[in-house]
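Working notes, beginning with the structure itself.
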Amino acid sequence: MTSARNVRLFVIIDVVLVVLLAVLAVVFFSGGDGAEGAGDEASATASASSRPSSTASATSTEPVEFASPTGNIACTMSVDGVTCTIASYTYAPPVVDGCSDLTGHVLALNADGVAFECVSGPPPAVAGDDVPVLQYGETTSVGDYTCRSATDGVQCTDASDVGFRLARASWAELPA
């Protein structure tokens, strides 16, 4: 009896660890990061010094990954669009049709426009130290997409200035 209970406990622990590893892999490869708010500026400055710095560059066609200085927002850009994750936010979660899981943590901009994605599993974590930081005031571009980091969050737009602004306290679709 005790042996069967131990086996079940071992299997449950293994399943939890595998799920956690899968979530961490998704967050790592999607650049899970969070947005800034004006109140986060001091902590962002302290933590930014330990992260690698990315520089603003000319428009590229190569995929780019970056995090905000606080690490709360992380974005992946390609010629097909931009996807940003936010680890912690205080705005009301948006409604995503047909979604009964988490919303509000993953925002995408592509040829179809701006949309939050439905996320199953735990929310993304703050970006790791291995994710390049887009410092406040810097921009980066891939194809027709451009993102700018500022103390009030991250703003990403396409060539038509359609896009979004994402921060811990709020998000907005652009043009407003």
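Within the stretch 152-170, the residues that satisfy the criterion of being among the charged types (D, E, K, R) and surrounded by fewer than 24 Cβ atoms within 10 Å (Cβ to Cβ) are 152, 158, 161, 165.
Annotation: of all residues in the stretch 103-118 being within 13 Å of the chain's Cα centre (by Cα) and closer than 16 Å to residue 76 by Cβ, the one that is surrounded by the most Cβ atoms within 10 Å (Cβ to Cβ) is 107. Does residue 91 satisfy the criteria of being touching a residue at least 40 places away in the same chain (Cβ under 8 Å) and more than 20 Å from residue 77 (Cα to Cα)? Yes. Residue 94 satisfies every condition listed in (1) surrounded by fewer than 14 Cβ atoms within 10 Å (Cβ to Cβ); (2) at positive phi; (3) in contact with a strand residue (DSSP E or B) (Cβ under 6 Å, 6 or more places away or on another chain); (4) not acidic (Asp, Glu) except (2). Does residue 142 satisfy the criteria of being under 20 Å from residue 66 (Cβ atoms), surrounded by 15 or more Cβ atoms within 10 Å (Cβ to Cβ) and out of contact with any Phe, Trp or Tyr (no Cβ under 7 Å at 6 or more places or on another chain)? Answer is yes for this residue.
What number of residues within the stretch 130-176 are in contact with a helix residue (DSSP H, G or I) (Cβ under 7 Å, 6 or more places away or on another chain) and in a strand (DSSP E or B)? Going through the stretch 130-176 one residue at a time, the tally reaches 1. Taking the stretch 156-176 as the range and being more than 15 Å from residue 81 (Cβ to Cβ) and touching a Lys or Arg at 6+ places or on another chain (Cβ under 7 Å) as the test, the residues that pass are 171, 172. Filtering 149, 100 for residues that are surrounded by fewer than 19 Cβ atoms within 10 Å (Cβ to Cβ) and not β-branched (Val, Ile, Thr) leaves a single hit, 100.
Against the conditions (1) touching a His at 6+ places or on another chain (Cβ under 9 Å); (2) surrounded by fewer than 16 Cβ atoms within 10 Å (Cβ to Cβ), where does residue 137 fall short? Just the number, please. Residue 137 satisfies every listed condition except (1).
Screening residue 145 on (1) more than 13 Å from residue 81 (Cα to Cα); (2) modelled with pLDDT of 95 or more; (3) of a type in the set (Ser, Thr, Tyr) shows it passes everything except condition (1).
The values are calculated or read from the model by the stated rules, or taken from the named source; none is laboratory data. Since this is a predicted model, take the numbers as computed values, not measurements. Ideal geometry is used to build each Cβ from the backbone, glycine not excepted, and the neighbour counts take in all protein chains shown.
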